[in-house]
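Input: a single structure, listed below in structure tokens.
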């Protein structure tokens, strides 16, 4: 692969609860051409117990799959790669330890996405194969550990929900011993319908022109119904009911024999079919079109959008700033100062443009907690950022932002980086330094109060020099900077503040 080919080659990795997918594509004349698809039925969700612990055999299977994917994407620039983990990663008790090995095997970082962010990416992927940009659509994706339901118009999602039921989790919960009975079926269906009631009215009021299904379960159901002669294409409500009845003619999952049912889909069809029937009933669906596109296509197009300055995270941050009425002049002042400090220390510090982006957004959001209370407002800011729906952001990005804004002033919390993967600890430490430094210099909320300065940094030490005449005239800021020097010791940084030739 020559340099031009590498630059225009992209890969998306979808690490689902049932199967892992790799999609490799090349951008030619502004369009994506698929070069390769690889699918491994890892069944990660099936190896997770009720305590969030992963079975060692399943863990080894996952690492082996990731190593195979890693070989295929080797040579593609890191900025052209994106891997996302879904429901099982969200439930995993010690996800960070798993990620350390998984990311090494794959050769790139793995982002854990929240349920609604997964829904947004699925919708973005599905609409790539849909004609007519203005129709309103309902998209249903039944994964291994969760089911996403989205109503959108054109390219814009309007309603997004993620239910904690999928083909693997439902099969394990209600048919764990492999026995199929009508009573179990109805119990599983009633459980799902109870959860769907929370969104039923809202979704029916919003309405849609076309219902579209994605994911392996839905494609398998369509294929079985087509082979049985019940439909020519798509999935009808009548065909779905007949398939449920046909499945229950078998006493066990192992005994199920249906045309078009693959060996890989066979163990989890029961749970997926229950989920789909419940969605049809609750949302009064008569016909469901089937899309070959899903999360991985959405991840790929979202990555390209970020590179082409169509980043949904920008819109999310702007909405946050408006909702919580932040002072635009102050956040702009802090942002400029923090990014200036970042640029002065970034060389040789393993800091990437992505970390600079997150620092800028943290500056934008660091005062949102003032809308709750001035007292300890940084803690309120951290809570809002950590626990709000933030379209476009992964869970790691959201936790990174929350750690920055929660610790941008006062004492730095012990274990402030513990919720993040180890690879993000050092970037968090250095970006936190930049944000705290900026907040001290901008405390007076006046541009004229920010002096020229020099700053250098290493892994363990920072030096900031200011003009002597400025330090003489700003004793409060100098005192704050000296206090900052003491606070930074908590995260292993020695900071020297002094007059120099700045």
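The values are calculated or read from the model by the stated rules, or taken from the named source; none is laboratory data. Small disclaimer: the values here were computed from a predicted structure and weren't measured. As a convention, Cβ positions derive from the backbone with ideal geometry for all residues, glycine included, and neighbour counts pool all protein chains shown.
Taking the options 81, 48, 15, name whichever one is outside the structural domain of residue 168 (by TED's automatic domain parsing), surrounded by 23 or more Cβ atoms within 10 Å (Cβ to Cβ) and at pLDDT 95 or above. Before you say what the answer is, go through the steps one by one.
Values: 81 fails: surrounded by 23 or more Cβ atoms within 10 Å (Cβ to Cβ); 48 fails: at pLDDT 95 or above.
Unique residue meeting the criteria: 15.
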- Of all residues in the range 55-64 being in contact with a strand residue (DSSP E or B) (Cβ under 9 Å, 6 or more places away or on another chain) and surrounded by fewer than 18 Cβ atoms within 10 Å (Cβ to Cβ), which is nearest to residue 24 (Cα to Cα)? 64
- Query: Does residue 424 count as within 27 Å of the chain's Cα centre (by Cα), closer than 18 Å to residue 482 by Cβ and crowded, with 21+ Cβ neighbours inside 10 Å?
  - Reply: no
- Note on the structure: When residue 225 is run through (1) surrounded by fewer than 20 Cβ atoms within 10 Å (Cβ to Cβ); (2) free of Cβ contacts under 8 Å to residues at least 24 places away in the same chain, the failure sits at (1)
- Note on the structure: Out of (1) over 15 Å from residue 438 (Cβ atoms); (2) assigned to a helix (DSSP H, G or I); (3) free of Cβ contacts under 8 Å to residues at least 40 places away in the same chain, the one residue 398 does not meet is (3)
- Message: Looking at residue 140 and the list (1) within 17 Å of residue 214 (Cβ to Cβ); (2) touching a strand residue (DSSP E or B) at 6+ places or on another chain (Cβ under 8 Å); (3) part of a helix (DSSP H, G or I), which single condition is not satisfied?
- Response: (3)
- Please enumerate the residues belonging to the range 15-61 that are assigned to a loop (DSSP other than H, G, I, E, B) and touching a residue at least 60 places away in the same chain (Cβ under 8 Å). 16, 17, 18, 19, 41, 43, 44
- Going through the range 467-495 in order, the residues found to be free of Cβ contacts under 8 Å to residues at least 40 places away in the same chain, surrounded by fewer than 12 Cβ atoms within 10 Å (Cβ to Cβ) and not in a helix (DSSP H, G or I) are none
- Task: Would you be able to tell me the number of residues in the range 366-384 that are under 29 Å from residue 83 (Cβ atoms) and without any contact (Cβ under 8 Å) to a residue 24 or more places away in the chain?
- Result: 1
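Report those helices (runs of 4 or more DSSP H) wholly inside the range 302-375 carrying at least 1 residues which are assigned by TED's automatic domain parsing to the domain that holds residue 439 and under 21 Å from the mean Cα position of the chain (by Cα).
Working: elements: 312-323, 328-345, 353-365.
Here the list reads 312-323, 353-365.
One line per residue, one yes/no per condition, for (1) part of a loop (DSSP other than H, G, I, E, B); (2) out of contact with any strand residue (DSSP E or B) (no Cβ under 7 Å at 6 or more places or on another chain); (3) in contact (Cβ under 8 Å) with a residue 60 or more places away in the chain; (4) within 30 Å of residue 208 (Cα to Cα):
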{"residue": "66", "(1), (2), (3), (4)": "no, yes, no, no"}
{"residue": "71", "(1), (2), (3), (4)": "no, yes, no, no"}
{"residue": "82", "(1), (2), (3), (4)": "no, no, yes, no"}
{"residue": "97", "(1), (2), (3), (4)": "no, yes, no, no"}
{"residue": "100", "(1), (2), (3), (4)": "no, yes, yes, no"}
{"residue": "104", "(1), (2), (3), (4)": "no, yes, no, no"}
{"residue": "117", "(1), (2), (3), (4)": "no, yes, yes, yes"}
{"residue": "120", "(1), (2), (3), (4)": "no, no, yes, yes"}
- Query: Do we have residue 138 as out of contact with any helix residue (DSSP H, G or I) (no Cβ under 7 Å at 6 or more places or on another chain), under 27 Å from residue 273 (Cβ atoms) and buried (at least 18 other Cβ atoms within 10 Å of the Cβ) here?
  - Reply: yes
